[in-house]
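Scroll down for the structure; my scribbles are underneath it.
Bear in mind that the values in this text are calculations on the coordinates, not laboratory data. Everything numeric in this text was worked out from a predicted model, so none of it was measured. With ideal geometry, Cβ positions are generated from the backbone for all residues, glycine too; neighbour counts draw on all protein chains shown.
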Amino acid sequence: MLDPYDNFVLEDPVLPKAIKKAALLSGDYPYSEKLDSDEYDKALLALQMQLVVLQAHLAKSGERIMLVFEGRDAAGKGGTIKTYLEYLNPRYNIIAALPKPNDRESTQWYFQRYIDYLPAAGETVLFDRSWYNRAGVEPVMGFCTPEQTAAFLVEAPRFERMLTNDGIHLCKFWLDIGREMQLKRFHDRKHDPLKVWKLGAIDLEALPRWEAYSQARNTMLEATDTDYAPWTIIRANDKRRTRLNVIRTVLRGLDFDGKDKAAIGAVDGKITLGAREFLKAHINS
């Protein structure tokens, strides 16, 4: 297991193959190799073509989509969103990545600042983190009170019921990575001048709080997984498999003109789980 305080991990820019392998297998990941790049590119192209078809359908139907991406730091949220949007019109496919609340926002109803980012007709909004900060990073890092988190866990399903009752298609993804994989990705960010900006002080402060984040995750999933707004958990140690299965989950869950089930393919049940199934295996992890 990688030690977050091991000088080798933090200072040496090149990790041995054995450590990379251990990272991929961490958290009981079911694959010992990354998905072949040629296989990935072929499958991704077919899925991105279907996303373009879906975009055309949304423009005609006026339907609205919200995708919520949650997970630990370095779980792959941003890269997955970027892949999803690669060939879509940015006018109608919007990233919502809100900074921490300012002084005024911190006095508002907790959900209020997210309202402006809800989709209009024909739009898809992808939340790179969301209101679920109050169930994860905020309580773990001491940015809110236990009472505020408890209230949030009651209110979030009510908020999401209003969204889905109004016809919004809401998909919630938790990208789950092993501890060693998170450490490897932190290491990679530190030594990559193009990615070092992704590694902040709060990321390193979170390292010794792995168990606290796990408990917060489990509590969140148990309280906010509903029939109308269920969680989909993607075991995300392999970014290629993660991206394919996120897109497949969205496409398979929607009815739209021109939908090609063969092109979309089947969701990988080894790494794509419902919240209840996931919790049975991870309630103590």
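Quick notes
- Remark on the stretch 1-117: Rg and Dmax equal 19.8, 56 Å (Cα only).
- Amide H contacts of residue 93: 124, each under 5 Å away and 5 or more positions distant or on a separate chain (H built 1.01 Å from N in the peptide plane; Pro and chain starts excluded).
- For the stretch 40-77, the residues whose amide N sits under 13 Å from a probe point set 7 Å from the Cα of residue 257 along the beta carbon direction are 53-63.
- Within the chain, DSSP assigns beta bridges of which about 10% are antiparallel (rounded to the nearest 5).
- Pairs over the 21 Å Cα-Cα cut-off, from the set 172/280; 82/195; 20/82: 20/82.
- Proximal charge balance of residue 29 [Cβ under 11 Å; K/R count +1, D/E count -1]: 0
- Remark: the stretch 165-171, residue by residue, has Karplus-estimated 3J(HN,Hα) of 5, 7, x, 6, 7, 10, 10 Hz, where x stands for each Gly or Pro and the curve is 6.51 cos²θ - 1.76 cosθ + 1.60 at θ = phi - 60°.
- Amide proton proximity set for residue 68, modelled H, under 5 Å, gap of 5+: 127, 171, 172, 173
- Three principal axis lengths of the stretch 236-284 [C-alpha, angstrom, descending]: 43, 22, 12
- For the stretch 80-138, convex hull volume per residue from C-alpha positions, Å³: 97
- Reciprocal mean inverse distance between Cα atoms of the stretch 176-262 - Kirkwood radius, Å: 15.8
- Gyration tensor (Cα) of the chain, equivalent ellipsoid semi-axes in angstrom: 29, 25, 18
- Working note: Karplus 6.51/-1.76/1.60 with θ = phi - 60° gives the stretch 268-282 the couplings 7, x, 6, 10, 10, 10, x, 4, 5, 5, 4, 5, 4, 8, 10 Hz, where Gly and Pro are set to x.
- For the stretch 217-229, backbone phi angles converted through the Karplus equation (6.51, -1.76, 1.60; θ = phi - 60°) give residue-by-residue couplings of 4, 4, 5, 4, 4, 5, 7, 10, 7, 10, 5, 8, 9 Hz, Gly and Pro being listed as x.
- Taking the helices alone, the chain has a mean residue ellipticity at 222 nm of -14000 deg cm²/dmol, built from -39,500 (n - 2.57) per DSSP H run of at least 4 residues and averaged over all its residues.
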